[in-house]
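Right, one structure below, let's go through it.
Values in this text are rule-based calculations from the coordinates and carry no lab data. Since the model is a prediction, treat every value here as computed from it, not as a measurement. We place every Cβ from the backbone using ideal geometry, glycine too, and count neighbours over all the protein chains shown.
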Amino acid sequence: MFDLEFVRGPLHDGALAVMTIVYIIRLYWLTRFMAGKERQAPTGRGDTNSRKGFIYSWGNVGMPWAMESTRTKLFLYFQFVIFHLGVTAAILLMFSISFYFKDTPIPLPLMLAFRIIIGAAFVVGVIRIIRRIGSKYIRAISSPDDHFSLWLLTAWFLFAYMAAANNVANGEWKLLTFFIMGSVFLVYVPFSKISHYLYYPFTRYYLGKSLGRRGVFPIKRFR
Amino acid sequence: MAKERSYKAQKVIDRMGKKLNRQIVGSLVACVHCGNCTDSCHYVLANPGDPTYAPAYKADKIRSIFKRHFDWTGRLFPWWVHAKSLYTDEDLEELKDTVFGKCTNCRRCTINCPMGVDLATFNRMARGLLVSVGVMPEGVSVVSKDQWEIGNQMGVLKEDYIDTLEWLTEEMQMEDPKSPGIPIDSMEADVVYSINPREVKYDPRTISDAAIIFNAAGEKWTMPAEDWDMTNFGLFSGDDDLGGGVARRLFEKVVAIKGKKLVISECGHGYRSTRCEGPNWAKQDVSFPMESSVITMLEYIKSGKIKVDKSKNPGKFTFHDSCNNARSCGLTEEPRELLRLVCDDFQEMYPNRAENFCCTGGGGAMSMSEYTPRRLKSGKVKADQLKATGAEIVVTSCHNCVDGLTDLIKHYKLDMKVTQLVNLVANALVIEKPVEVPVEEVAAPVEVTPTEVEALVLKGYKILVADDEPDFVTFVSTVLEDNGAEVVKAYDGNQALEMARKEKPDLMTLDITMPGKSGIEVFEILRSDDELASIPVCIMTGKPELRQLIYERAVKPPEGYVDKPIDEDSIVLNIRKILELDKGKVK
Ligand code: SF4
Ligand code: SF4
């Protein structure tokens, strides 16, 4: 039913278009809610302000030492980093095959880089699946969407790993599966928890702006 | 067939739509259920293995309603994203148990969430929605009512407030006849000082200590005659109208008396409500500066307006950051700087500042007696933190934390005391006495020793001391007798009632937990008996967590309330205050 030409072209582009349109609608929906106004005069330490607060807040993701929850669980933090690098690499792989390499195999060094990152992300995905099912706390907060999103991405990593050579001779089905799953992923993203990165700038901006104005962000720790 | 929804459930859903703003919606949609916030919550740490205390689990109780009604995925595929509506009043009760009983809105999970999800903010929203349909813990309803109707959250009447300030002025003037005491409603003061009603009711010493400091600094200050409460139960109940109303009253009062600056006494939620959230709730820009009294006192010392001698505060101290001060207002450094100036031995508590753990009395928890066992259990984390400091005295800049910590110290049997910076600063004050100019031929005053002066203080009063601890009865009786009172003793509830009827005391001290009839029953019987109802009662208890049981009664509240352990000065001070307010003047 699907050939490589179709999944790399119209199917992939169509999925991308759907994702973009739904994203735009989603953002429009979010911005229709009025932002709460802060009238209070600045408080707290004089060496910070709203601007510093939201910059710190945005940068928080790259500062594992900033939060106790990451500082004390570095193993989880590095899982987070690898997993998200894996998503980025798999998307890049999809785009580079669709728009650049097409029928040419991916050069060995690049393929290895993709495989290392995506392979590690797959392993993290498996660990995360085990944690989501095994931890009482995580299980209690997990919805079918949480489980499905994680399974979908982990499986996608597996096929991305296998498809990374972009070599039809090695088995076209690997590429076909990678692209079909990638398209499902793109269409599913805006409806699922995976769209969290769309909200991240908003939530962290408002929190950072408010806590910066109140002298709380950047959090200072004194030992 | 569509499921029927109760009137209240429908109202909650309708009103949720009106409360949503971009910040709240962002927090409601952004959670990825990663669980990173789980062990930042003291409830989780104290209840290992129970996922219902996890911040994300609690947040989902609110999030599920939002998703079902306001988010497309939840509308289309509710089961897929755990979207769930509210139908019955039981659903509302269940939500109440979570948003009031399992979260103190401390914001510790907020600062530990990589996505920036601010659970405390939408938990407050959910509280407000429930309050709007009358679903709330009884204590929240009582306190909110008092703040709406009487103007302060402890229902202190204007005459009692003024009487207390005048009485404190007299006390100060007895010590120092030149003391200006407490100026009330002075126009164009540089500082308008606003307080927590708890200070009037249970802890007048914090008011007189602040007054002594203002006067020593030569400050042109005043306290408002009304609209003086800087606390705001709107923060806890989630009722923005109450929040705005209370803040506006105080702001307008400062403007009316042309005050130049509003100084807020040491209180975390009061500071946050007045200084930070007040203008937002009141939807008004405030034309005068506002600051915490901690900043004011620090400035006095740094500028040399007052001098302190830290050796007057011996002992090992630690500092507890109130969540509202530290995580929502950034007030972390000034209290430490001030503390180091007034004591020698300061030991930091870990974690601290914005990462500190809640005293567990936050978010209005002290007024919700139904959740007391849960609160005390969750306090294990704080108790361990306190213990690890090895300190004898924990200092905090929050009245709520004073009560919360006092409860924990008793419950976990820690050998510690709680105090506030204002008490330490006043105690460390060095007041330079003016050089006395000898006056010729002045008749020598009759010499009265301090013991003799004190001995007169309670002379002529008959006081009934009711407590089941013989040692405590002996201690209080001795103190009262040394001050001139006639003391009658009772060791259980039945005996207390019998003695009250027989002896008709001028005042009665009452323990809450006693054999026979409990202090609560005794108190209720006293108040309902025409003959005994007018006897002023001072509760003296080692179980402050039961305080609410007394205040929840449908009878006139007790005239005084003191936590054990209690020292001699506090006994005399509190008894005198009650007698003086009750009968006019101490005999
Ligand atoms: S609130 Fe934040 S830390 Fe907690 S589960 Fe959600 S995203 Fe993770
Ligand atoms: S706000 Fe505080 S009490 Fe509430 S869930 Fe978060 S950490 Fe726990």
Two pseudo-spin positions, 7 Å from Cα along C-beta at B:ASP89 and at B:GLN10, lie apart in nanometres by 1.6
A correct Karplus calculation of ³J(HN,Hα) over region B:328-335, with 6.51 cos²θ - 1.76 cosθ + 1.60, θ = phi - 60°, whole Hz and x for Gly and Pro, returns 10, 9, x, 8, 10, 8, 4, x
Dividing the mean separation of Cα pairs under 8 Å (6+ apart) by the residue count of chain A yields a relative contact order in percent of 42
A correct Stokes-Einstein calculation for region B:7-135, using the alpha-carbon Kirkwood radius, 10 °C and 1.306 mPa s, returns a whole-number D in µm² s⁻¹ of 108
Of all C-alpha pairs within region A:134-223, those more than 23 angstrom apart amount in percent to 52
Per the helix-only model, chain B has a calculated mean residue ellipticity at 222 nm (DSSP H runs of ≥4, -39500 (n - 2.57) each, divided over all residues, rounded to the nearest 500) of -14000 deg cm²/dmol
Diffing region B:160-175: the Karplus 3J(HN,Hα) column from phi (6.51, -1.76, 1.60, θ = phi - 60°), in whole Hz with x for Gly and Pro, holds 5, 5, 5, 4, 4, 5, 5, 5, 5, 4, 4, 4, 5, 6, 5, 6
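Going from the alpha-carbon gyration tensor of the protein assembly as shown, what semi-axes, largest first and in whole Å, does one get by taking the root of 5 times each eigenvalue?
So the equivalent ellipsoid measures 59, 28, 23 Å along its semi-axes.
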Given 20 °C, 1.002 mPa s and a Kirkwood radius over Cα pairs, the Stokes-Einstein diffusion coefficient of region A:1-106 in µm²/s is 115
Log entry: pair-distance distribution for chain B, C-alpha pairs binned every 10 Å from zero, whole % per bin is 3, 16, 26, 26, 18, 8, 3, 1, 0, 0, 0
Protection proxy (average C-beta count within 10 Å per residue), highest first, orders B:401-412, B:421-432 as B:401-412, B:421-432
Taking placed amide H atoms and a strict 5 Å upper bound, the residues 5 or more places from B:LYS489 or on another chain that come that close are B:VAL465
From the cross-link list B:LYS58/B:LYS543; B:LYS410/B:LYS459; B:LYS312/B:LYS417; B:LYS260/B:LYS302; B:LYS459/B:LYS502; A:LYS136/B:LYS61, the entries with a Cα-Cα span beyond 26 Å are B:LYS58/B:LYS543; B:LYS410/B:LYS459
Given backbone amide H placed at 1.01 Å from N, residues whose amide H is under 5 Å from that of B:SER186, ignoring those fewer than 5 places away on the same chain, are B:MET223
Stretched fully, the stretch from B:GLU524 through B:LYS413 gains (0.36 nm per residue minus C-alpha distance, one decimal, in nm) 37.0 nm
Candidate cut points under chymotrypsin sites (Phe, Trp or Tyr not before Pro) in region A:117-223, DSSP loop plus at most 16 other Cβ atoms within 10 Å of their own Cβ, are A:PHE222
Protection proxy (average C-beta count within 10 Å per residue), highest first, orders B:531-540, A:105-114, B:328-337 as B:328-337, B:531-540, A:105-114
In whole Hz, the Karplus estimates of ³J(HN,Hα) for region B:81-93 (6.51, -1.76, 1.60; θ = phi - 60°; x where Gly or Pro) are 10, 6, 8, 8, 8, 10, 10, 10, 5, 5, 4, 5, 4
Taking Cα atoms only, Rg over Rh for region B:452-583 with Rh from the Kirkwood formula is 0.93
Distribution output for region B:68-216: share of Cα-Cα pairs per 10 Å bin in percent, first bin at 0, values 9, 24, 24, 18, 14, 8, 3, 0
So for R0 = 25 Å, FRET eff. of B:GLU370-B:LEU157 from the Cβ-Cβ r, to 0.05, ends up at 0.35
Quick calc, B:ASP344 & A:VAL123: beta-carbon distance into FRET formula, R0 45 Å, rounding 0.05, result 0.25
When all Cα-Cα pair distances of region B:137-431 are considered, the percent exceeding 28 Å is 34
